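Okay, here's the structure, questions in a sec.
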Amino acid sequence: MSATSLAHWLRSVSDDELARMLAARRDLATPPPADTNVLATRAGTAGSVARACEDLDTFTLAVLEALLVLDADAGPVTAEAVDELAGASTRRALTRLRRMALVWGDDSAVSTVPAAREVLGPYPAGLGRDVPELRGTDVHTELEALTQPERKLLDTLAAGPPVGNTKDAGSDIPLEQARTPVQSLLARGLLVRKDSGTVELPRQLGLAVRGKPIFPDAVRTEPAPETYPHTTETVDSTAAGEAMELNRHMESLLESWARTPPPVLKAGGLGVREVRRIARELEIDEARAVLLAELAYGADLVAESTATEPEWLLTNLADSWLGSPPAHRWAILATAWLDLPRLPCLAYSAAAARAGGTGEKDKQPAPLSTQLHKPRAATARRRALEALAELPDGTGIAGGEQLVTLLAWRNPRRDGPLRDEMVRAALWEASALGVVALGAVTSAARTLLEPAEESTGEPTGEAGDESAGESVDERRRRATAAMAVAMPAPVDHVLVQADLTIVAPGPLEPGLAAEITAVADVESAGHATVYRVTEDSVRRALDSGHSAEELHDLFARTSRTPVPQGLTYLIDDVARRHGRLRAGTCASFLRCDDEVVLAEILNSPAAGELDLRRVAPTVLVSGSPLAEVLDGLRERGFTPAAEGPDGRVLDVRTEEQRTPKRAPARRRAQGATGASGASTSERIADVVARIRSGDRAASTRRVAGVRNPGGEGDTSATLELLTRASLQRREVWIGLVDGHGTASQHIVTPTRVGGGVLEGDDNERYPLHRITSAAFVES
C-alpha cells in the first residue's frame, strides 16, 4: 500500500500490525498516544528511531542506509532501486523496517523517517552528499581522465568516510595551475570544498567509484561460526562437574561469611581485601570470587545489614539453600544469574570497566556496589545464550570471539563499547556456572531459557510476538530435574587411603558429607573429592564433641577399604592428649594432672596476658572470661578443652555464635520473567484501542458543544450535556486530560453519569473532572 505520510500509513494498517509495531517499539506506547498523529510524531523522533535501530542487524541497517542514499526521507523510492544498491533482495529487511514503522509504503513507493539520517549520520553508507551540479554529468568519463594519484585519492574517499583534511583547499585555483591532486579535483568539480581545510567527495562520484552493490559481502551475510559436535551427555556431564564445584564454592563462601561477616564499604560494596580473602580461602582466582559474591547477592543469600557499621550477612534464604539438594542449589544460582540486573565483569575485568566507563584511574568499581547495576545486563546475557541455543543439542561454538562477531553483526548499534565485553563475560560466567560446557548450552540451561508465561521482557521475534510458556517455577523444576540427571548420584561411602587421605568417589550424601568435613579437610575437589585427615582436623572433631570411638566407628562404617592403622593411631594419639588440660570458670580456671604443663604455661607470656595464677599444684585460675583464656592459650600452641560442671567437654560459644546473625532477604521486584498483572499483549491491545478511538474522535463531525478548559470553573454545562446524551443514548465526543497531562479524544455513548464519573458503553469510566470539552456527534 502507498501512503503520503507515516500517520496515513499507520491508520491504514490492521490492528494486529499496529500491535506488533508497538510490541517491537515499546517506548511508543508509554504513555498511550492519543491518536495516530501523536504515534507517528513519536515514531519519527530521533531518540525513538535510535532505540529501534538497536534491534536491527547489520544488513537491515544497510538497507536503511541505502534508502537514505536514495533520499527516501525526502520522497518515495522503489524497492528495486534499493535492491540494486544493496546487491541482494531487500524484501525481508523492508518488511522488518515496516513492522517497526521506520519505513512505510509498498514496494513501489518506499519512504523512511527523516530522523533516520540524524541517527545514522550525515554520510549513510560512507557516501557524501548529492551535488546538484554533477547531475547529468557522465562521471565515468570524468574518472577515466584522471591521473593515477587523483584516482587513488578518490578511491580512498569513496571507501568512506567521504571527507578528508588537506592544506590544498584554501582557495580556488584554475585547472591549468593545479599542482596537487586535491587542487586538480577541486578545479574539475569532482571534490567539494567544505572549508579551508576539508574536502568532500560527492555522492555521484562515490557511487561511480564503488560500483554496485555498495556494500561488501560481510554486510549482506550473517557470519557462520565454526562449531564442534559433542554428545548431549558429554556436555551435560561436563557442566554437572562445574555445577558441583560452584555449589561447593558457594557453600564455603556462605560458611566463611557466617563466621566472619565482611564489612560494607563506606561507598557501598565489598572491599578488595575481602575479595582476596575469599580467593585465598577457597583457592580460586579473584574473578571467580567476585562472581560468587555477586551470585550470593543476586540470589538473596546475602544482604546488607542495617547496623551502624553495616556488614554483609547471610539471609534466611541462605539456610534454605544450604539445606537443598545439589541440583536445586544450582537451579537457584543459575536463575539468579540469568535475571541479574548487574554486570560482575565490571569488577573483575579491566577491559570491561574501561568500556563501561566505570574505571577511574585504573581503579575498578567494587563488587556489590551500585556501579555494577545495569538494567540491560540480563537481556545481553540471554542474547548470548540464546544465540548458542540456536545450535543443535550438544553442538558447541569453536571460540568465544566467534560468538562476539556473530552478535556484533546481529545488533551492531546495541550497548555501545560494552557490547563485546558483555558477550565475553557472559560466556565465561556461563561456563563457570555449568550453564555452558564445551561451548554448548546444556539441557538444563535450555529449559531455563524457554519463554516464561506472561513474559514482559523484550520481544524475541521480529514482530515482537510473545510466546506463552510455562511459569518460572515450572521451568526451574524441569531444569533442576535435568541437572539432577546429569549430576552423579550421591554416594554413601568413601575410600580411606594409607596416606591418611579419604577419597569420595562422587558427591557424598549430605549427612555423610557433614561428618567427613568435621574430621577432615578438603584437599582437592571435582567429580571425586579428596579429603586429608590431620592432627588439627581430628582435634577439631574432638573439640566439637565427637569422641574417639565415634570417629573410629565413622570410618569403619563408611570406608569400602580397610581403615589403615596410621589413621587409628592418629585418632587415638590426639584423643589421649586432647583434654588433658581442662578449663572452667573462676571467671575461669585451668586444671591439669601434669604439673609440668601448668609450669610451662606460667612461664609463657600468656600467663601475664590472661592474669593466670596457681591456686593448687594442678590448678590455675584467671579473672579473664573462659573464651578469652581458651583463645589465648590456643594462640600459644596449647590445646585446652572447656570443661563443664560434670567434667564433660563444654561448648563455650555464645548464643549469638551458635545462632548466626541473619539479614532479612530483599524484596525482589518483579523482573522480566515474573507475572505483573495484565499481560503485555493485553496492554498493547488496550493502547491500540485507544489510538483507534482517538482517530475516530478526531475524524468525527460534531455539533456545537461545551468547553471547560483544564477542568476548572463551572462544569454544570458539561454535566448537563453528558446527562442528556445518557438519557437519549446519543454518541458524544469528549476531550480528556489524564493524570500525566496527556490530552486525548474519545467517542462515547454514555450509559450513566454520576458519582464523579462518566460510564460508557465500552465499559470505560472517565472522571468528570478530567473532561475538558464535550459535544454531540453529528448524525
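I need the full set of residues from the stretch 485-508 which are over 29 Å from Asp573 (Cα atoms) and either out of contact with any Phe, Trp or Tyr (no Cβ under 9 Å at 6 or more places or on another chain) or modelled with pLDDT under 85 (or both), in order please.
Looking only at the stretch 485-508, we keep the residues that are over 29 Å from Asp573 (Cα atoms), and these are 485-491, 506-507.
Correct list: Val485, Ala486, Pro488, Ala489, Pro490, Val491, Gly506, Pro507.
I would also like to ask the following. What tally of residues in the stretch 322-354 results from selecting those that are closer than 24 Å to Gly271 by Cβ and not in a loop (DSSP other than H, G, I, E, B)?
Quick first cut of the stretch 322-354, residues closer than 24 Å to Gly271 by Cβ only: 333, 336-337, 340-354.
Still in the list and also not in a loop (DSSP other than H, G, I, E, B): 333, 336-337, 342, 345-348, 350-354.
Total meeting the criteria: 13.
Follow-up. Please state which one of Gly705, Gly755, Gly710 is at pLDDT below 80, surrounded by 16 or more Cβ atoms within 10 Å (Cβ to Cβ) and small (Gly, Ala, Ser).
Gly705
Based on what the data block shows, is Ala685 closer than 30 Å to Leu338 by Cα and at pLDDT 85 or above?
yes
Out of all the residues in the stretch 1-60, which are more than 23 Å from Thr742 (Cα to Cα), surrounded by fewer than 17 Cβ atoms within 10 Å (Cβ to Cβ) and without any contact (Cβ under 8 Å) to a residue 24 or more places away in the chain?
Selection gives Thr4, Ser12, Ser14, Asp16.
Can you spot a residue in the stretch 253-276 that is more than 19 Å from Pro344 (Cα to Cα), buried (at least 16 other Cβ atoms within 10 Å of the Cβ) and among the hydrophobic types (A, V, I, L, M, F, W, C)?
yes
Could you give me the residue pairs with C-beta distances under 6 Å whose first residue belongs to the stretch 327-346 and is in the same structural domain as Ala445 (by TED's automatic domain parsing), whose second residue is part of a helix (DSSP H, G or I) and polar (S, T, N, Q) wherever it lies, and which are 6+ apart or on separate chains?
Ala327/Thr480; His328/Thr480; Arg329/Asn247; Ala331/Thr480
Then there's this: What's the number of the only condition in (1) crowded, with 21+ Cβ neighbours inside 10 Å; (2) on the phi > 0 side of the Ramachandran plot that Gly189 fails to meet?
Single failed check for Gly189: (1).
What helices (runs of 4 or more DSSP H) lie completely within the stretch 64-153 and have 3 or more residues being under 16 Å from Phe215 (Cα atoms) and either charged (D, E, K, R) or not assigned by TED's automatic domain parsing to the domain that holds Arg193 (or both)?
79-86
Determine, yes or no, whether Thr447 is at pLDDT 85 or above, crowded, with 20+ Cβ neighbours inside 10 Å and touching a Lys or Arg at 6+ places or on another chain (Cβ under 6 Å).
Numbers: at pLDDT 85 or above: yes; crowded, with 20+ Cβ neighbours inside 10 Å: yes; touching a Lys or Arg at 6+ places or on another chain (Cβ under 6 Å): yes.
Judged against the criteria, Thr447 is a match.
Further question: Residue check: is Thr147 exposed (fewer than 12 other Cβ atoms within 10 Å of the Cβ) and touching a Pro at 6+ places or on another chain (Cβ under 9 Å)?
Here the answer is yes, as Thr147 does meet what is asked.
Please return the ranges of helices (runs of 4 or more DSSP H) entirely within the stretch 482-561 where 3 or more residues are under 20 Å from Glu255 (Cα atoms) and out of contact with any strand residue (DSSP E or B) (no Cβ under 6 Å at 6 or more places or on another chain). Even if it seems obvious, please write down each step before you answer.
Details: elements: 510-519, 535-543, 548-558.
By residue number, 510-519, 535-543.
Rundown of residues vs (1) aromatic (Phe, Trp, Tyr); (2) farther than 25 Å from Ser547 by Cα; (3) surrounded by 13 or more Cβ atoms within 10 Å (Cβ to Cβ); (4) modelled with pLDDT of 85 or more, yes/no style:
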position: Ser604; (1), (2), (3), (4): no, yes, yes, yes
position: Ser622; (1), (2), (3), (4): no, yes, yes, yes
position: Glu628; (1), (2), (3), (4): no, no, yes, yes
position: Leu633; (1), (2), (3), (4): no, no, yes, yes
position: Arg636; (1), (2), (3), (4): no, no, yes, no
position: Pro645; (1), (2), (3), (4): no, no, no, no
position: Arg653; (1), (2), (3), (4): no, no, no, no
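Under 9 Å between Cβ atoms, which residue pairs at least 6 apart in sequence (or on different chains) link something in the stretch 616-635 that is in contact (Cβ under 8 Å) with a residue 12 or more places away in the chain with a partner that is among the polar types (S, T, N, Q) and surrounded by fewer than 20 Cβ atoms within 10 Å (Cβ to Cβ)?
Pro625/Thr585; Leu626/Thr585; Ala627/Thr654; Gly632/Ser624; Leu633/Ser604; Leu633/Thr639
The values are calculated or read from the model by the stated rules, or taken from the named source; none is laboratory data. Keep in mind it's a predicted model, so treat the numbers as computed, not measured. Glycine also receives a Cβ, built like all others from the backbone with ideal geometry; neighbour counts cover every protein chain displayed.
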